[in-house]
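Just so it is clear, none of the values below were taken in a lab; they were calculated from the coordinates. Just so you know, these numbers come straight off a predicted model, no measurement behind them. With ideal geometry, Cβ positions are generated from the backbone for all residues, glycine too; neighbour counts draw on all protein chains shown.
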Amino acid sequence: MDGTHAIGVDLGGTKILAGVVARDGTVVRRHERTTPQDAPQHVISELEAAVAELLDDSVAAVGFGVPSPIDRKRGVVVQCVNLPLVDAPLRDHMRERFGLPVEVDNDANAAAIGEWRAGAARGVDDVVMLTLGTGLGGGVISQGRPFRGAHGAGVELGHVVIVHDGIPCQGRCTGRGHLEPYVTGLAAARRAQEAFGPAADAHRLVRLANEGEETAREILVDIGRHLGSGMGSFANIFEPALIVIGGGFGVAAWEHLIGPAEEVLRREALRPMRDEVRVVRAQLGTAAGLIGAGFVAFEALDA
Ligand SMILES: [Zn+2]
């Protein structure tokens, strides 16, 4: 094995995106599977299948981005909000299964690392990444290093309170008024169904807005404003030079969300943060997470 490539796996609420990643972040092969919603063992076996599909002699390590706080020391997935994985010792299980170095990180931390090393945030030392998919993931690069808190469980930017005692959060989260239930693809689907009937989803909402449908546009403006509340607070906390918006829904709805989000961001952030910060769409698109998971794998390999 020459150690030139790693497999990066991004576990999302609806899809598993995997790829063979070179050291410069280039994706040389990809594979996609559907995320099972039932038993934890089913999720693990689909992750294994995604890796097995891509594995060859060029691959020297495997990295996983998982939508959960991670205990990095033990390589354990603590509790996914939107998937049935709780206290899963993913790192050791996959090390044993494939006989390679394996590392596990939060999916949005991985996406932030991907954009920082190979995408929109290359060369920028202070970055906040927000991934809008089934959930809202957050990743932070601070002073040129990934910021992960005491045990690697940080940063859960989707679970900051923007409305005291507001609407219940998603999935297993017991909180109320968190940013997540206002701005995710799941939130968009719920609002699309209220407006356009039970068959509507986030894709249809964005398509209708693209076609100029007024109610669809208004819903996305409202989602954008809520996103701006979060972004303003994150600008005040982290003083980022760049906020990167990614994730399936974030990338698809970008043109509708970004105007209202920036307007609220500039209102809520203090100087000099509001003058310094720029907001951009993820350059790596929905591949940011799997590319970042590849970099996390190289970290394990080089450690
Ligand atoms: Zn929450």
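Miscellaneous remarks
- Assigned charges on the beta-carbon of Lys, Arg, Asp, Glu; the range 71-225 dipole about Cα centre (debye): 420 debye
- Between the range 131-170 and the range 203-261, the alpha-carbon center distance in angstrom: 16 Å
- In a reduced charge model with +1 at each Lys and Arg Cβ and -1 at each Asp and Glu Cβ, the range 1-128 shows a dipole moment near 60 debye about its Cα centre.
- Residue separation of GLN193 and ARG30 scaled by 0.36 nm, minus their Cα-Cα distance, works out to 55.4 nm of gained length.
- With Cα atoms, 0 to 90° folded angle of helix 214-238 axis to the chain main axis: 60 degrees
- Prolate/oblate/rounded label for the range 70-168 (Cα gyration tensor, a/c 1.5): oblate
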